[in-house]
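Visitor: Take this structure, written in structure tokens, and hold onto it; I'll ask about it next.
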Amino acid sequence: MTGLWAVLWAKGRIARHSIASVRNESKLKVGVVSISAALLWIGAFIAFREGFHWLKNFEVASGPSYLGLGDLIMLRLLSVFALALFLMLVFSNALVSFSTIYRTKEVAYLLQAPLTVREFFLVRLVECVVFSSWASAYLGSPLVLAYGLTTGAPWPFYGAALAFYIPFVWLPAALGSLITVLLVRWYPAMPRYTLPAVACVAVVVLFFYLRATLIATETPDDSLFLGTEISRALGVSQRMQSPWLPSHWASQGIILASWGRYGESGFYLLLLTANALMATWVATEAAARLFHVGWSQLAGLPGRSARRAGRGFFAISDRAFRPLPNPARALVAKDVRLFWRDPTQWTQFLLFFGIMAVYIATLRNREPESVPHYRSWIAAMNIGASTLVLATLTSRFVFPLVSLEGRRFWIIGLAPITIRQLVWQKFWLSVATTSAFTITVVVLSCIRLGIEPIAFTLAVYTIIAANFGLSGLAVGLGSLYPNFQEDNPARVVSGMGGTLNFLASMAYISLVVAALTVMLQWEALGLYPNRAAFWWTLAAVGGFITVLSAVCTLLPMKLGLRNLMRTEF
Amino acid sequence: MIRIEGLTKQFGDHTAVDDLNLEVRKGEFFCFLGPNGAGKTTTIKILTGLLRPTRGRAEVGGWDVTTHPVEAKALLGYIPDTPYLYEKLTGREFMRFVAGLYRLPEETVATDGEELLALFGIAEVGDRLIEQYSHGMRQKLSFASCFLHRPEVVVVDEPWVGLDPKNVRFVRHFLKEKTREGVTVFMSTHSLSIIEDVADRIGIIHRGKLIHTGSLQETLATARHPGSLEDIFLQLTEEERQP
């Protein structure tokens with residue numbers, strides 16, 4: 001057995017033992033997570049299948065001149081999905097590879113073993129692929145299956161989809177790792193604010209690129225549908241179909257396989273595989289030359305002196321939290337500093353910020369030209385999108401807060417504060433920070449969309465309530481299922497507790513958005529017998545959201561606190 | 001077996017190891033002493049290939065650890081103060097994994113591996129996951145796995161953490177016995193009584209510079225007044241501190 005295979009063998013055994021150890025977990029937790037994950041997958045599959053069916057029926061119902069439109073839109077949808085997934089994978093791999101290649105304690109162990117740097121890098125690359133790509137399989141499989149079943153694709157299509165999947169996730173892992181190796185080699189030597197400045201410029205460039213892409217107008221190829229939303233959507237999606245994009249090779253190859261054109265599909269598979277191998281080779285050679293320099297620099301990074309008191313971002317945040325009594329203020333100051341001094345944390349937050357800016361910038365007010373039920377859909381979907389952003393923030397950044405106290409719990413354990421104070425401090429910190437972000441998003445998006453006053457007020461109320469509900473879920477479940485062995489927040493989130501929190505958040509959002517959609521649609525369709533019935537329904541929906549948010553806040557917090565108080569540190 | 005020439009490691013403006021020159025012979029038990037932050041761990045990290053030197057070179061068994069890391073590390077065994085072990089592997093699986101890393105035949109695990117597990121008293125728990133081990137058991141597994149590939153040079157960094165007195169005594173004798181078989185031991189520790197018991201030669205590092213090397217007798221002879229190793233250590237590092 002070579003060194004490379006020895007490590008991969010050990011990883012296989014570790015995975016096996018980890019799966020086996022699930023039986024030691026709470027049966028309730030395993031059951032809830034498994035059933036929720038299965039239901040979410042089935043729900044996504046049904047949604048995709050119904051969507052594809054609707055597109056097929058739409059072209060038939062719209063007349064002969066629309067023949068092929070359903071197929072065209074489906075193709076474009078797959079392309080857009082593949083591109084979005086590809087970009088997400090590159091980004092997440094760049095983040096994951098930083099901790100996997102440089103930061104985990106295992107690195108020092110492997111480096112003192114007789115492995116070459118190339119072998120070491122390949123081992124870590126495989127781990128990055130596995131770690132960052134399972135979610136794409138979970139998200140992508142219902143889409144591909146629904147597409148195959150709707151279009152009646154032959155069975156080799158499913159094999160082809162699987163074959164494309166491997167190079168499709170491998171390539172971004174190699175690219176992301178390469179970015180990390182280059183950054184670690186060159187970044188420590190850069191002046192203090194170079195990386196944040198580069199990251200900000202990158203977000204701004206991405207913002208203008210996506211904005212230019214997303215507000216693209218009709219293209220000559222789509223002249224049949226000129227002046228329609230269909231034309232705009234086709235125009236947008238066409239811009240994402242560059243033959244230079246690996247996502248295009250994957251989506252084209254899979255689609256060609258569904259048409260039985262295996263030769264052309266095989267060409268794209270080979271193209272994607274060749275590029276994945278080439279990227280792996282380049283990344284491995286870069287690692288062989290640059291890894292040790294970067295690793296040494298990281299190990300001996302001259303402690304950049306922290307800012308003097310009274311200056312900079314931390315001074316502003318300290319002033320903002322000054323009204324808080326100690327020890328809550330000390331805990332908040334510590335959490336804020338730990339967050340902003342960890343590049344893997346704030347870069348993701350910055351990306352969220354960029355995505356939200358793109359979202360708001362591309363919204364358009366269609367009120368004058370659209371029918372009421374369309375406007376009500378838009379209002380409900382906007383609330384849905386905003387709460388989804390909130391759920392992503394709480395799942396990614398708030399859930400790991402308690403776990404990250406980890407082995408430092410003894411410090412807090414010795415301090416004259418209670419665990420109750422600690423956990424509630426995390427809750428209020430979450431509510432304060434996510435509220436500032438998400439309420440701004442809701443207000444700006446409602447203004448951009450020209451949402452009517454009642455729906456506007458309801459949207460703001462819903463996001464405030466959701467800030468409490470989703471923060472309660474994240475902090476409560478984070479305390480109920482903490483992972484004190486893990487220092488990497490991304491890995492804490494990907495555990496079973498994190499998955500449960502994400503699924504519970506999705507369930508919360510589904511219930512809230514369903515209630516709002518029904519209420520607003522009935523109003524738009526004029527189904528209320530009188531105005532009083534509308535107001536009563538509005539009050540009932542508001543009450544439902546309040547009660548649901550209160551339950552989602554108090555119940556997990558109570559259970560989480562009870563668990564932490566029983567835990568021995 | 002270990003040759004260090006002009007070894008220097010700088011972290012920015014800070015010089016952690018400053019022009020270190022040292023040779024440790026085959027079968028020698030070399031103890032490396034120094035106050036906190038003196039440069040012991042940095043030297044060990046360079047020796048084990050974890051860090052690259054800024055200047056100078058370090059050789060293990062004639063192989064430069066920077067230019068021929070794989071060959072050098074194949075001769076090397078390393079026991080850190082807090083060993084990293086894979087929590088979700090069993091003790092036996094970990095031994096098998098280490099055998100794979102060092103390209104040892106499968107049978108080695110069944111023969112030498114079992115022998116080492118028994119020797120260190122962890123054969124009975126060999127099929128338990130490492131996450132269930134106590135700190136002492138982890139340390140013993142770390143020792144057992146370190147000797148699986150029959151290293152010619154063993155670098156040990158403060159290995160006594162978590163071991164009970166009985167095991168400290170056993171490990172001390174085990175390492176000494178290994179040096180009699182020709183294994184070179186390079187040990188960093190603050191346990192002066194153990195050094196007095198096992199060291200063939202002592203090196204004292206302070207502020208990145210090797211300020212003294214010699215046998216125990218030679219070291220004790222440097223004292224202005226007769227005293228213990230502790231007195232000598234304090235005297236040497238104190239003198240260095242004064243201009």
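Visitor: Normalising by the residue count of chain B, find the relative contact order in percent from Cα pairs under 8 Å and 6+ residues apart. Could you put the intermediate results ahead of the total?
Guide: Numbers: 451 pairs, mean separation 63.4, N = 243.
With pairs under 8 Å counted, the relative contact order is 26 percent.
Visitor: Express in nm, to one decimal, how much length is gained between A:TYR461 and A:VAL201 on full extension, taking 0.36 nm for each residue of separation and deducting their alpha carbon distance. Don't jump to the answer; show the numbers that get you there.
Guide: Details: separation 260, 0.36 × 260 = 93.60 nm, distance 3.41 nm.
The span from A:TYR461 to A:VAL201 would gain 90.2 nm if fully extended.
Visitor: Using the Cα atoms of the protein assembly as shown, I'd like the radius of gyration and the largest Cα-Cα distance, Dmax, both in angstrom.
Guide: Final numbers for Rg and Dmax: 31.0, 108 Å.
Visitor: Along the charge dipole of the protein assembly as shown, pointing to its positive end and built from +1/-1 on Cβ of Lys, Arg, Asp and Glu, which listed residue (A:PHE399, A:PRO556, A:SER133) has its Cα farthest out?
Guide: Of the options given, the answer is A:PRO556.
Visitor: A follow-up question, please. Mind checking B:100-106 for the average number of partner chain beta-carbons within 10 Å of each residue's beta-carbon? All intermediate terms of the calculation are to be shown ahead of the outcome.
Guide: Details: counts 11, 14, 5, 6, 2, 1, 1.
Taking the mean over all residues of the peptide, I get 6.
Visitor: Rounded to the nearest 0.05, what FRET efficiency is calculated for A:ASN530 and A:ILE454 with R0 set to 25 Å and r the Cβ-Cβ distance? Display every interim value, and only then the final one.
Guide: Values: r = 16 Å, r/R0 = 0.64.
The formula returns an efficiency of 0.95 here.
Visitor: Further, regarding this structure: Between A:ARG289 and B:ALA118, with labels modelled 7 Å along Cα→Cβ, what's the label distance in nm to one decimal, could you check?
Guide: 5.2 nm
Visitor: Still on this structure: With a point put 7 Å past each Cα toward its Cβ, work out how far A:MET278 is from A:ILE19 in nm, to one decimal.
Guide: It works out to 3.5 nm between the two label points.
Visitor: Under a Cβ-Cβ cut-off of 12 Å, what is the net charge of the residues other than B:LYS166 that fall near it, where Lys and Arg count +1 and Asp and Glu count -1?
Guide: Values: positive: B:LYS140, B:ARG169, B:ARG172; negative: B:ASP164.
Neighbourhood net charge equals +2.
Visitor: If we sort A:442-453, A:168-179 on the protection proxy, mean other Cβ atoms within 10 Å, highest first, what's the order?
Guide: Numbers: A:442-453: 18.2, A:168-179: 25.7.
Peptide ranking by packing, descending: A:168-179, A:442-453.
Visitor: Right, here's the next one. Near A:LEU290, within a Cβ-to-Cβ distance under 13 Å, what is the net charge of the other residues, with Lys and Arg +1 and Asp and Glu -1?
Guide: On the way: positive: A:ARG118, A:ARG185, A:ARG289, B:ARG52; negative: A:GLU285.
Result for the local shell: +3.
Visitor: On a full-extension model of 0.36 nm per residue, what is the gain between A:ARG566 and A:ARG261, subtracting their alpha-carbon distance, rounded to one decimal in nm?
Guide: Working: separation 305, 0.36 × 305 = 109.80 nm, distance 6.14 nm.
Separation in residues times 0.36 nm, less the Cα-Cα distance, equals 103.7 nm.
Visitor: Please report the equivalent ellipsoid semi-axes of the stretch B:53-185, computed as sqrt(5 x eigenvalue) of the Cα gyration tensor, largest first, in whole Å.
Guide: Numbers: eigenvalues 120, 60, 43 Å².
Each semi-axis is √(5λ); the values are 25, 17, 15 Å.
Visitor: Simple spin-label model, 7 Å along Cα-to-Cβ: B:VAL161 to A:ARG322 in nm?
Guide: Those two pseudo-labels are separated by 4.2 nm.
Visitor: Summing +1 for each Lys or Arg and -1 for each Asp or Glu, what net charge is found among the other residues whose Cβ lies under 14 Å from the Cβ of A:ALA328? Please report the intermediate quantities before stating the final value.
Guide: Values: positive: A:ARG322, A:ARG329, A:LYS334, A:ARG420, A:LYS426; negative: A:ASP318, A:ASP335.
Spelling it out: positives minus negatives among the neighbours equals +3.
Visitor: Summarise the partner chain shielding of B:78-85 as one whole number: the mean count of Cβ atoms from other chains within 10 Å of each residue's Cβ.
Guide: Values: counts 4, 0, 3, 0, 1, 2, 8, 3.
The shielding value for this peptide is 3.
Visitor: What is the mean number of Cβ atoms from other protein chains located within 10 Å of the Cβ atom of each residue in peptide B:39-49, rounded to a whole number? Can you show the working numbers first?
Guide: Values: counts 0, 0, 0, 2, 0, 1, 6, 1, 1, 4, 6.
That works out to 2 on average.
Visitor: Which length gain, in nm to one decimal place, applies between A:TYR138 and A:ILE35 when the Cα-Cα distance is subtracted from 0.36 nm times their residue separation? Walk me through the intermediate numbers first.
Guide: Working: separation 103, 0.36 × 103 = 37.08 nm, distance 1.42 nm.
Full extension from A:TYR138 to A:ILE35 adds 35.7 nm.
Visitor: Evaluate the charge dipole of the protein assembly as shown about its Cα centre and quote only its size in Debye, nearest 20, assuming +1 on the Cβ of each Lys and Arg and -1 on the Cβ of each Asp and Glu.
Guide: Values: 73 positive and 59 negative charges, 324 e Å.
The calculated dipole for the protein assembly as shown is roughly 1560 debye.
Visitor: Here's a follow-up. Can you give the FRET efficiency for A:PHE313 and B:ASP127, using 1/(1 + (r/R0)^6), R0 = 56 Å, r = Cβ-Cβ distance, to the nearest 0.05? Could you put the intermediate results ahead of the total?
Guide: Numbers: r = 52 Å, r/R0 = 0.93.
Between A:PHE313 and B:ASP127 the formula returns 0.60.
Visitor: Return the Cα extents of the stretch B:2-241 along principal axes one, two and three, sorted largest first, each rounded to a whole Å.
Guide: 54, 40, 31
Visitor: For the stretch A:342-569, what value does the Rg/Rh ratio take when both radii are computed over Cα atoms and Rh is the Kirkwood radius, given to two decimals?
Guide: On the way: Rg = 19.3 Å, Rh = 18.6 Å.
Ratio of gyration radius to Kirkwood radius for the stretch A:342-569: 1.04.
Visitor: Per-residue counts of other Cβ atoms within 10 Å, averaged by peptide: what ranking do you get for A:136-148, A:382-394, highest first?
Guide: Values: A:136-148: 18.8, A:382-394: 22.2.
The most tightly packed comes first, giving A:382-394, A:136-148.
Visitor: What ranking do B:44-53, B:202-211 get when scored by the average of other Cβ atoms within 10 Å per residue, highest first?
Guide: Working: B:44-53: 24.0, B:202-211: 21.0.
The packing order, highest mean first, is B:44-53, B:202-211.
Any read-out appearing in this document is the output of simple, stated calculations on the displayed coordinates, not a laboratory observation. Not measured: the values here are computed from a predicted model. No Cβ is skipped: glycine too gets one built from the backbone with ideal geometry, and neighbour counts run over all protein chains shown.
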